[in-house]
Amino acid sequence: MALIPVILAAANVNVVVVDWSAGANAINYRIVNWNSVSSGEAVARFIDWVNDITGSNPGQYHIIGHGVGGHQAGVVGRNVKGQIDYITGLDPALIGWVNNIDRFAPNDALYTEVIHTNYGVNGYLADLAQVDFYPNGGISMPGCGSNECDHARSFFYFAESITSGGFTGRECLNYYAAVLRMCDFHSGRLQMGGLTPKLGKTGVYFLETNPAPPFSQG
């Protein structure tokens, strides 16, 4: 499911796609991660320029990033002084980010959300945002036979959340409980994804998905 057409069909918005492939194609992970920070800082400067020219404000933006781009989205928000309305991290990357001060952080925007689908391999293990979702425990997705497929599922789940809004997470005590699928004793419920920030919400949530579209179980 292509994300841009889904967003444009759901809302009257402008979509800006950042092509940082020149910096993302290095073999060395350290260089890629460094480039992602530089790129994120450049995007933040672009947003400030657009706002100065048009009279727009950071509260009108929703930044979305996948993998290394998930951390990059956080860098953007941080450099717009945390005033971006909404940042979504789609399975932010693991390698090189555990002790990295530039990794995704809860206060990078007014509302931050992360969807974990391949923790400990391609994706970051621990919670990173104000709200973190761990579909199917966060590592192995139904219908997938590889880590690459698991990692990509965050993208597809988010796209479907815009069209259906049907992913309902159950609150967990912490991300350990989400990974172990031990979240039945907590009553909190929250919808995953979508284009509307859930301002004021926090916590870790678990949900199950179908192996093929529609992935949502309601």
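Backbone amide hydrogens, once placed in the peptide plane, bring GLY193 within less than 5 Å of nothing, excluding anything fewer than 5 places away on its chain.
Between 0 and 90 degrees, the angle of helix 29-54 with respect to the longest Cα principal axis of the chain falls at about 60 degrees. The 3J(HN,Hα) values that the Karplus relation (6.51, -1.76, 1.60; θ = phi - 60°) gives for region 9-23 are, in residue order, 6, 8, 8, 8, 9, 9, 10, 10, 9, 9, 9, 10, 4, 4, x Hz. Gly and Pro appear as x.
Any idea how far the Cα center of region 92-126 sits from the one of region 66-83, in Å? Each part's Cα centre sits 10 Å from the other's. Only helical runs count toward this figure. For the chain, summing -39,500 (n - 2.57) over DSSP H runs of n ≥ 4 and dividing by all residues gives -10500 deg cm²/dmol at 222 nm. Comparing SER36, SER21, SER161 in a Gaussian network model of the chain, where Cα atoms under 10 Å apart are tied by springs, the biggest mean-square fluctuation is seen for SER21. The mean sequence separation of alpha-carbon pairs under 8 Å and at least six residues apart, normalised by the residue count of the chain, gives a relative contact order of 16 percent.
What the phi angles of region 167-176 give under the Karplus curve with 6.51, -1.76 and 1.60, with θ = phi - 60°, is a coupling list of 8, 9, x, 9, 5, 10, 5, 6, 6, 4 Hz, glycine and proline written as x.
Rounded, prolate or oblate: which fits region 1-88 when a ≥ b ≥ c are the square roots of the eigenvalues of the alpha-carbon gyration tensor, with rounded for a/c under 1.5 and prolate only if a/b beats b/c? Mind dumping the intermediate values first?
Working: a/c = 2.09, a/b = 1.32, b/c = 1.58.
Here region 1-88 falls in the oblate category.
Distances between placed amide hydrogens fall under 5 Å for MET182 paired with no residue 5 or more residues away or on another chain.
By other beta-carbon atoms within 10 Å, ranking PHE158, PHE215 with the fewest at the front produces PHE215, PHE158.
Springs join every pair of Cα atoms under 10 Å in this Gaussian network model of the chain, and among LEU90, LEU173, LEU110 the largest mean-square fluctuation is at LEU173.
Under unit Cβ charges (Lys, Arg +1; Asp, Glu -1), what dipole magnitude, rounded to 20 debye, does the chain have relative to its Cα centre?
Magnitude of the dipole: close to 160 debye.
Among (1) 15.8, 45; (2) 16.4, 51; (3) 18.1, 58, which one is Rg and Dmax of the Cα atoms in Å computed from these coordinates? Answer by label: (2).
Each residue of region 194-208 is assigned a 3J(HN,Hα), and the resulting list reads x, 9, 9, x, 9, 4, x, 7, 9, x, 10, 9, 10, 8, 10 Hz, derived from the Karplus form 6.51 cos²θ - 1.76 cosθ + 1.60 (θ = phi - 60°), x at Gly and Pro.
Coordinate-derived values only; no laboratory data. The structure displayed is predicted, hence computed values, not measured ones. With ideal geometry, Cβ positions are generated from the backbone for all residues, glycine too; neighbour counts draw on all protein chains shown.
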